[in-house]
Ligand SMILES: [Zn+2]
């Protein structure tokens, strides 16, 4: 289960940084606490179900929820560290630490959720031990199914709300992406566990339970490896979305004196920040040959360049609050 703060969906960062910061912080904290509490409850319930049955599918889900409990702690830790101010040794800030800690969370899932489950499932299949029959376990899995269903419904609803603005989608935001993949894997995991244990109850054949636990291990491996790949790409400097490029280009083009945007590179430097480098050609009010004639004309030329460059910086900062490390090169 993963819950999210409203701020995660607000792609438009308020220009009033101070206010926006505090607000977002509170939302993220609340969402983290809810996620943590619900996952602890699910972990205890699923381990109880496993203890009563010895079912490998239920073991898989208990291990899965255990890993899910460490997730919000790691993501919160990463979020806090990424918000530390810039300083001499980190002049571009710490935004990318978000990607690092969400990579750690995904690796945790791969080890605890997938590897442990696969080892346990293979062991159960080899010994052929039959799980106990427990109505309590069935109730617990039904409750988990409802919980995961509600959580995914809330996520989809929240994402829809975020998308209809000028949102850039979930793919560049590891927090949102982790949320979608996680919620999907959570729901599928419980369904597979219910299927494995249910088929065992119906047929009396423990092989079903063992095979379905391996399916859960594969599901967790696939979702965590996908997230690992995304975060590695973001850590090593992936470009921002096309929509973000367009917004920055628009902010540059609307400045008086800009003749052409020659090139523009925007790279994700955190979950909600981009660093961008823009090359522009600045139109001159007087023919260029006139500048060569006197010193005062040259000074005029330089002043014009500086004015336009400052106007570009201001325009980008105003229209794209996510841009935090802007370099403007004038040709
Ligand atoms: Zn999960």
Let me know the whole percent of all Cα-Cα pairs from the range 47-153 that are separated by more than 22 Å. 49 percent
Rank these for me by crowding, 186, 242, going from fewest to most other beta carbons within 10 Å. 242, 186
Inter-part gap, Cα centre of the range 28-45 to Cα centre of the range 201-259, in whole angstrom, is 23 Å
Contour minus Cα-Cα distance for residue 142 and residue 48 (0.36 nm per residue): 32.5 nm
If you fit an axis through the alpha-carbon atoms of helix 135-163 and take the longest principal axis of the Cα set of the chain, what angle between them do you get, 0 to 90°, nearest 10? 10 degrees
How do 182, 61 rank when sorted from fewest to most other Cβ atoms within 10 Å of their own Cβ? 182, 61
How much FRET efficiency would the formula 1/(1 + (r/R0)^6) give for residue 122 and residue 306, where r is the Cβ-Cβ distance and R0 is 56 Å, rounded to 0.05? 0.25
Based only on other Cβ atoms within 10 Å, what is the fewest-to-most ordering of 238, 97? 238, 97
Expressed in nanometres to one decimal, the distance between label points 7 Å along Cα→Cβ at residue 77 and residue 246 is 4.0 nm
Compute the long axis of helix 97-108 from its Cα atoms, compare it with the longest principal axis of the Cα atoms of the chain, and write down the angle in degrees, 0 to 90, nearest 10. 20 degrees
In degrees from 0 to 90, rounded to the nearest 10, what is the angle of the helix 242-253 Cα long axis to the longest principal axis of the chain? 20 degrees
So what is the 222 nm mean residue ellipticity for the chain from helices alone, if each DSSP H run of at least 4 adds -39500 (n - 2.57) and you divide by all residues, rounding to the nearest 500 deg cm²/dmol? -23000 deg cm²/dmol
Take the alpha carbon atoms of the chain, find their radius of gyration, then divide it by 2.2 N^0.38 Å using N residues; give the quotient. 1.31
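Coordinate-derived values only; no laboratory data. Just so it is clear, the model here is predicted, and its values are computed rather than measured. Virtual Cβ from ideal backbone geometry, glycine too; neighbours counted across all protein chains shown.
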